[in-house]
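Derivation of every value follows stated rules applied to the coordinates shown; laboratory data play no part. Fair warning: this is a prediction, and the values are worked out from it, not measured in the lab. Quick reminder, even Gly has a Cβ in these numbers, built from the backbone with ideal geometry, and neighbours come from all protein chains shown.
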Amino acid sequence: MGETQNIDGKAVAKALREDLAAEVAGLDVRPGLAVILVGDDPASQVYVRNKIKACAACGIKSFESRLPAQATEAEIMAEIEAFNDNKDVHGILLQLPLPYPLNADTLIQHIKPEKDVDGLTFINQGKLIAGDKSGLVPCTPQGAMMLIKSVEQDLSGKHAVVIGRSLLFGKPMAQLLLAENCTVTSAHSRTRDLPEVCKQADILVAAVGRAEMVQGAWIKPGAIVIDVGINRQEGGTLCGDVDYDQARGVAGAITPVPGGVGPMTIACLLKNTVEAAKKAKN
C-alpha cells in the first residue's frame, strides 16, 4: 500500500475563502452575517471571534449580538426577529451550545429558513432529504464532503459509514453521501460489532466525540477517513475520534485533528452567507 494522504483542510478552506472573497468583491450587495452569542463560554467566544475575523477577510459584514447567560428565550427570540427583519443581514447564526436551560431547537426554528446558514431549520433539513438544492446545507458536513471530493470526485457505488447520527452532523452527512450515490450505513452507539461495520467502509466518517475510539484495525485498507471529532486530552493536546497514528498506516487518506474538518466549517459558513445574499438579491 502507498503512503497515506494527509487531507489538508486548512489549504482547502483557504482556497474556498479566496474564491469567496473574489466573488463578494464582484457582487452588488454586501453579504451580512449576524452572530448571536449567549453567555460567556470561552470556546464559543473563540469561535465567534474567528468567524468575525474570517468574515472581514472575505468582505462579509458582521453583526453581533451578545446576551448574558441569564437571558430568557423571549429576549433571544427578539434578537432573532430583529435580524430576520434586517435587510442587511443575509445569514443568522445562533452560537451553540446555549446555557442551560435554554432550548436551542425551539429558537433555531424561528430563524428564517433563507437566513439559516447553519442549515438546521426543518425547512432546510427537509430540502436536504428531498434533494432540493435550494436549501442551505449544514456547514460541517458540507465541508467534510468537500474534503472527501478533494481526494476522489466520483463516489458512486462506494460504501460510506458515518459513525454518529446527530442532527448537526451525522444525519445531514448521510444525506450528502446518498446524494453522491454512495451506499450509506449510519452507525452509532447501539450498532452491533462496530469495528466490523467500519471495516466495510470505502469512506469512514467519525463524529462521536470519543477520543481515538476508531482503531487502525477498524479501517479498510485504502479507505478515505474523515475525522470530525475534536477532543482535548489530559496534557491539553487535541485529538480526533480516530487514532491517527494507527490509521495512517492503513487509510488511503485521512484528515488530521486539528487542521482537517475544523477550518472547513467556518469557510462553509461564509459560503452559505454568500449564497443567501445572492438569493436575497434575486
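When the distances between all Cα atoms of the stretch 138-262 are binned every 10 Å from zero, what whole-number percent does each bin get?
14, 51, 31, 3, 0
Grab the DSSP H runs of the chain that are 4 residues or longer, score each as -39,500 (n - 2.57), total them, divide by all residues and round the 222 nm result to the nearest 500 deg cm²/dmol.
That calculation yields -12500 deg cm²/dmol at 222 nm.
For residue 220, which lysines qualify as cross-link partners when the Cα separation must be under 22 Å and same-chain residues fewer than eight apart are set aside?
Filter leaves 149, 158, 199.
Taking the Cα-to-Cβ direction at residue 178 and at residue 40 and moving 7 Å from each Cα, how far apart do the two end points lie in nm?
4.5 nm
How far is helix 139-151 tilted off the main Cα axis of the chain, in degrees rounded to 10, range 0 to 90?
That works out to roughly 40 degrees.
Using only the alpha-carbon atoms, how far is helix 73-85 inclined from the longest principal axis of the chain? Give it as 0 to 90 degrees, nearest 10.
80 degrees
Which peptide among 160-169, 216-225, 97-106 comes first, and what is the full order, when sorted by highest mean count of other Cβ atoms within 10 Å?
So the peptides 160-169, 216-225, 97-106, ranked by packing, come out 160-169, 216-225, 97-106.
Assign unit charges at the C-beta atoms only (+1 for Lys and Arg, -1 for Asp and Glu), then state the dipole size of the stretch 28-113 relative to its Cα centre in Debye, rounded to the nearest 20.
So the dipole magnitude of the stretch 28-113 works out to roughly 420 debye.
If I model a spin label at residue 62 and residue 191 as a point 7 Å from the Cα along the Cα→Cβ vector, what separation in nanometres do I get?
Going from the residue 62 label point to the residue 191 one covers 3.7 nm.
Where Rh is the Kirkwood radius over the Cα pairs of the chain, the temperature 10 °C and the viscosity 1.306 mPa s, what D in µm²/s does Stokes-Einstein return?
In µm²/s, the coefficient rounds to 82.
Which peptide among 11-23, 251-263 comes first, and what is the full order, when sorted by highest mean count of other Cβ atoms within 10 Å?
251-263, 11-23
Sequence gap of 8 or more, or different chains, plus Cα separation below 14 Å: how many lysine pairs satisfy both in the stretch 28-113?
4
So what's the Cα pair-distance distribution over the stretch 31-143, bin width 10 Å, in %?
Spelled out per bin, shortest first, that is 14, 46, 35, 5.
Relative to the first principal axis of the alpha-carbon coordinates of the chain, what is the inclination of helix 9-25, with its axis defined by its Cα atoms, in degrees from 0 to 90 and to the nearest 10?
On a 0 to 90 degree scale, this one is about 30.
For the chain, list the cysteines whose Cβ sits under 4.7 Å from no other cysteine Cβ?
55, 58, 182, 198, 239
From the Cα trace of the stretch 118-158, what convex hull volume per residue do you get, rounded to a whole Å³?
Enclosed volume per residue, from the Cα hull, is 79 Å³.
Using a simple charge model, +1 on the beta-carbon of Lys and Arg, -1 on the beta-carbon of Asp and Glu, nothing else, what dipole does the stretch 10-57 show about its Cα centre, in debye to the nearest 20?
With only Lys, Arg, Asp and Glu charged at Cβ, the dipole is about 160 debye.
How much length would be gained if the chain were fully extended between residue 82 and residue 237, taking 0.36 nm per residue of separation minus their Cα-Cα distance, in nm to one decimal?
Working it through step by step, the gained length comes to 51.8 nm.
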